[in-house]
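Data first, discussion second: the structure below is written as structure tokens.
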Amino acid sequence: MTFRWYGDKDNVAIEKIAQIPVIDGIVSAVYDVPAGEVWPEESIARLKAVCENNGLKFEVVESVPVHEDIKMGAEGRDRLIENYCENVRRLAKYGVKVICYNFMPVFDWLRSEMARPLADGSNSLAYDEETVLSLNPLTSELSLPGWDESYTKEELKNLLIRYKEIDEEKLWENLRYFLSKVIPVCEQMGVKMAIHPDDPPWGIFGLPRIITTQKNLERFLNMIPSVNNGVTFCIGSFGADPNNDLISMINTAKGRIHFAHLRNIKYTGERSFQESAHPTECGSLDMFGIVKALVDSGFDGYVRPDHGRMIWGETGKYGYGLYDRALGAMYLYGLFEAVQKMKDNK
Ligand code: DNO
């Protein structure tokens, strides 16, 4: 069981994370190096030391971001891919086993509301398709913890124009090219790549998105059929599309799920949802069924509770407060312990 921590600038102190009984590892990254560049070894070593000083392992990185020129297949991508490979080598040297990344053009995860109230007085992130369709990414003030906000409006505009040339097939080809260079290095270094699904799992702002459905998941796994080419099974992302049968998708990706992001969402309409507390009864996803499918498929990767609500008056990074994620971790741990023991006793 792991917990995401955004480093020294995180409102949540690592010492507090260490007091959640079931957490044994931190998921983090080097945040002060622009996408596409090589992470200094000192930064990686420091991160590892901070974790270990708190009795926590540092074996999962989320994310090593993929430069837009790689996603677009632009000239100059080879240098950027080589930098990516160098990051894999450096992280491996410091004991990192899994790298989570995504291949979503320009924007990472997207929500239309950061703090929609829930009936109990807490609040959480929400996605409403109608609102999103009415947004102009060049003028809206939306901002999410996962976004690269180093672009100026002008750069963002140019990026969006350049992406007009990239359809889903081109994006697939650029992903294949990237992985064909990175996966051999991972195989050599004992690192597993774990692609994060697109969140939400459909195109937004006219940009292509491909890690979205069971069919596409199969295509992704077959494209480079190496165990080092795996997925981050994020149920809040795949699950946002009710047509995605999560249990069947877990079976599709058997042996290739290296990291699981487990959180619940509640459907509020067509292509619309609000994030809920982790337990099954709070949302639309069958958390027990999902954990059981993972355990039955032989999953032995890393897990983390995902976005939490803001409860008990906590403020901070949306989705990444301490309290509700801690409750989520305890609940998930309980499910895993019960399901695993039931299986072992059979
Ligand atoms: C959202 C996160 C994502 C994830 C990236 C992986 O909370 O799950 O931002 O870290 O997509 O690259």
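The values are calculated or read from the model by the stated rules, or taken from the named source; none is laboratory data. Quantities reported herein were computed from a predicted structural model and do not represent experimental measurements. Side chains are part of the model used for accessible areas, which takes the heavy atoms of the whole protein and leaves out ligands, DNA and RNA. Shrake-Rupley method; radii C 1.70, N 1.55, O 1.52, S 1.80 Å.
A few remarks follow.
- Karplus (6.51, -1.76, 1.60) ³J(HN,Hα), θ = phi - 60°, over region 116-124, in Hz, Gly and Pro reported as x: 7, x, 9, 4, 8, x, 7, 8, 7
- Computed from phi, the 3J(HN,Hα) profile of region 266-272 under the Karplus parametrisation 6.51, -1.76, 1.60 (θ = phi - 60°) reads 10, 5, 10, x, 4, 6, 9 Hz, with x in place of Gly and Pro.
- Potential lengthening between Asp148 and Lys215 on full extension [0.36 nm per residue; Cα-Cα distance subtracted]: 21.2 nm
- Oblate is the label for region 187-302. Its Cα gyration tensor axes, ordered a ≥ b ≥ c, give a/c of at least 1.5 and b/c at or above a/b.
- The largest accessible area among Glu42, Glu113 belongs to the first residue in Glu42, Glu113, and the rest follow in falling order (1.4 Å probe, all chains).
- Here the Karplus curve 6.51 cos²θ - 1.76 cosθ + 1.60, taken at θ = phi - 60°, turns the phi angles of region 303-318 into couplings of 10, 9, x, 9, 3, x, 6, 8, 10, 6, x, 5, 10, x, 5, 4 Hz, with x standing for Gly and Pro.
- Relative to its residue count, the chain spans a Cα convex hull of 132 Å³ per residue.
- Region 53-125 versus region 213-275: alpha-carbon centroid distance in Å: 17
- Straight-line cross-link reach from Lys192 at under 19 Å between alpha-carbon atoms covers these lysines, not counting any fewer than eight positions away in the same chain: Lys48, Lys57, Lys93, Lys97, Lys181, Lys254.
- Residue-normalised accessible area of the chain, given per residue in Å² at a 1.4 Å probe: 43
- Beta bridges per DSSP with both ends in region 162-275, % antiparallel, nearest 5: 40
- Rounded to the nearest 10 square angstrom, Asp241 shows an accessible area of 30 square angstrom against a 1.4 Å probe.
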